[in-house]
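Read through the structure below, which is laid out as structure tokens, and then see the notes.
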Amino acid sequence: MTQTIQSYIGGRWQGTQAASALRSAVNGTTIAHTHAEALDFGEAVEHARRKGLPALMAMDFQERAQRLKALAKYLMEHKEQLYAVSAHTGATKVDSWIDIDGGAGTLFAYASLGSNELPSGNLVHEGPVFSIGKKGGFSGTHVLVPRGGVAVHINAFNFPVWGLLEKFAPSFLAGMPCIGKPASATSYLTEAAMRLIVQSGILPEGSLQLVIGGTGDLLNRLNGADVVTFTGSADTAARLRVHPNLIAHSVPFNAEADSLNCAILGPDVNPDDEEFALFVKEVAREMTVKAGQKCTAIRRAIVPAKHLDAVCEQLAARLAKTTVGDPADERVRMGPLASHAQQADVAERIALLRQDAELVYSGKTDWVGDGTAQGAFCAPTLLACRKPMDVDSVHTIEAFGPVSTVMAYDDLDEALALAARGQGSLVATLVTHDTAVAAQAIPVMAAWHGRLHILDREAAVESTGHGSPLPTLKHGGPGRAGGGEELGGLRAVKHYLQRAAVQGSPTMLSAVTGEYVRGAKVNNTAVHPFRSYFEDLQIGDSLLTHRRTVSEADIVAFGGISGDYFYMHFDEVAAKDSPFGKRIAHGYFVLSAAAGLFVSPAPGPVLANYGLDTLRFIKPVGIGDTIQARLTAKRKIDRKKVDAKGVGQGVVAWDVEVTNQDGELVASYDILTLVAKRT
């Protein structure tokens, strides 16, 4: 009895009648069916808008970050259930780790990004503030706010868990309810992950829905507040991009498409160099991890013509050691392709590639494990093209499996031209130990490749590899790769937010952004701002300090303490010949003296100063100048955290302006502090 997997739409599981059979990639047995019932996508979109969106907007960035962290922990605690299902996709333990643990890891990463880098509330002040009027009464800035729409995520078959979660994490953080649609071939694993998510009860209802099967009229129901993302083939991306409704409503569409990624062996590398072995290892790994079914896998290995045979020989020897079969067998290092349809497609494309490339290596077909003869296996296949500038197929045809073509070049310029023949890729690797080669190649490669991985003996110690997208770095590429971007830290969150320019008085901009803007009205409090607890402190609470005149003794003492005897501070003759025409105080003395002016020394709610931002020394401070500081509460972030004693605390950023006796700004910066709560 096989399972009929279900969609999760409108707050309930839907679909009981079996439709298309989904076969185990390992032995061909039917393990699940998609459901036959048609879905009401009007209900799905309405549920996201009416239920999911209000629930998400009732929380702020900080609270949504906490939910992501809790969900990541829950999935990690129950991941063995997913590993058991993942085995049917042909994934080895390493493959499943990338997909399942990698998906949870992305949730953790965005939880951390949200907690550390996003404000309380649902508006991001992107800044900076520009003074538009001459008198300082009219300014402009930029803000980012939730779009108020729905994110539709259409995913590929190769990463059923990570594919869902890496798109969901930044969308959820940005306050957008999501509808995820996995590729059918491995959707049973995505559904298993979704069941855990629903079971956890961590996400608000309507914030994530799951579609099994086709998308029907879903895209017709979207409007300009919504977003569509796609991962898969370049052909499908091209069709979706011109969907009439998406065009009519200017619905943002982000594509991450399979591409002909490459690796270049630098002209400086010889067979006895460490980098040569690293190149061979990297190409072989990209061919065999996930059976080569990665949108980032190396499809073209570009090597100096004089080393082509040596590269092919070493690659073939390494691939020959790769045991292929049922991942349940501990000897196996590469499993099957994800489906039998994929198996047929890869075989067809290998045949097309062989018209312009010679076969160097094709592994044995005696797969390890019972029943594997009916599995969707494909032997690692290595091809070679000695005249790649004269043919097109190796630069246009992608076999989405354990297949790569080694191609020869005569000089570095030709290697770069060959890399560009792929018409845009997600990632390219350059293996070199010559900094001059890297400095010449990378600016050229950056125009055609979304991520550039420079590998040598130094980087290899910690390198995450050619094919590993990271939450902190952008994932995407130009041209054939889709022209889109995912991940990249907060960049991904901003893709799901709407940017708007705002103009008004500094006071109005402060009220709108929840952040003090220079020139806005301040509240000169009777109580020192450092004596206020987090809850009591208001944006704009301010202190104008007493004055201090800088003396020569101050400069001499600070030089003795710091060891900074720069001539501008101590050499009267040289200082007169400088643009300032006189000796000046150390910038860091001004910083320290300002702290002495505004710090409240007694123990109190301000617990610690943990950093400075935007520090600028605007004008020099000379001997005899008098300085004064203004300290103003600029921004508050409630991260909902407590210390070891259970005392709550928040983050407060303080705007500091240091002026001279003429009212001129001499130093400007933000101080970041932890401030205790009363309760």
Task: For segment 58-74, Karplus couplings with θ = phi - 60° (6.51, -1.76, 1.60), whole Hz, Gly/Pro x - done: 6, 9, 10, 3, 5, 5, 5, 4, 5, 5, 4, 5, 5, 5, 4, 4, 4
Open item on the list: Defining a contact as two alpha carbons under 8 Å apart and six or more residues distant in sequence, what relative contact order in percent does segment 261-481 show?
Closed with: 27
Task: Cα Rg, Dmax (largest Cα-Cα span) when computed across segment 1-97, Å - done: 17.4, 48
Open item on the list: What does the net charge come to around H125 if you take all other residues with beta carbon closer than 15 Å to its beta carbon, with K and R at +1 and D and E at -1?
Closed with: -1
Open item on the list: Tell me the Kirkwood radius of segment 431-574: reciprocal of the mean inverse pair distance over distinct alpha-carbon atoms, in Å.
Closed with: 22.2
Open item on the list: Taking 8 Å as the Cα distance limit and 6 or more residues as the minimum spacing, I'd like the relative contact order of segment 142-188 as a percentage.
Closed with: 51
TODO: Measure up K290/K364; K474/K641; K135/K619; K51/K167; K93/K281; K290/K474 against 24 Å on the Cα-Cα distance and list the ones that go over.
DONE: K474/K641
Open item on the list: When 1/r is averaged over all different Cα pairs and the result inverted, which Kirkwood radius in Å belongs to the chain?
Closed with: 28.3
Task: Fraction of alpha-carbon pairs over 15 Å apart in segment 607-679 - percent - done: 60
TODO: For segment 235-309, take the alpha-carbon Rg, divide it by the Kirkwood Rh, and send me Rg/Rh.
DONE: 1.23
Task: V368 paired with A526, simple spin-label distance in nm, labels 7 Å along Cα-to-beta-carbon - done: 8.0
- [ ] Return P(r) of segment 518-676 (all Cα-Cα pairs; 5 Å bins starting at 0; whole %; ordered from short to long distances).
- [x] 2, 9, 17, 19, 17, 13, 9, 7, 5, 2, 1, 0
TODO: Could you list the square roots of 5 times each eigenvalue of the Cα gyration tensor of segment 261-481, that is, the equivalent ellipsoid semi-axes, sorted largest first and rounded to whole Å?
DONE: 27, 18, 17
Open item on the list: Given an 8 Å cut-off on Cα distances and at least 6 residues of separation, report the relative contact order of segment 419-532 as a percent.
Closed with: 21
- [ ] Place the peptides 575-588, 658-671 in order of packing, highest mean first, counting for every residue the other Cβ atoms within 10 Å and averaging per peptide.
- [x] 658-671, 575-588
Task: Selection from P267, A373, H88, by position along the positive dipole direction of the chain (Cβ) - done: H88
Task: Pairwise FRET efficiency - T435 versus D571, Cβ, R0 = 30 Å, nearest 0.05 - done: 0.20
TODO: Tally the DSSP beta bridges in segment 512-643 and give the antiparallel ones as a percent, rounded to 5.
DONE: 75
Open item on the list: Which residues among segment 170-211 fall inside the zone where the amide N is under 18 Å from a point 7 Å beyond the Cα of M57, along Cα→Cβ?
Closed with: 171-179, 204-208
Task: Distance (nanometres) between label positions extended 7 Å along Cα→Cβ at A36 and V512 - done: 5.7
Open item on the list: With +1 on the Cβ of every Lys and Arg and -1 on the Cβ of every Asp and Glu, and nothing else charged, how large is the dipole of the chain about its Cα centre, in debye rounded to the nearest 20?
Closed with: 2200
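Coordinate-derived values only; no laboratory data. Everything numeric in this text was worked out from a predicted model, so none of it was measured. For neighbour counting, all protein chains shown are included, and Cβ atoms are generated from backbone atoms with ideal geometry for every residue, glycine included.
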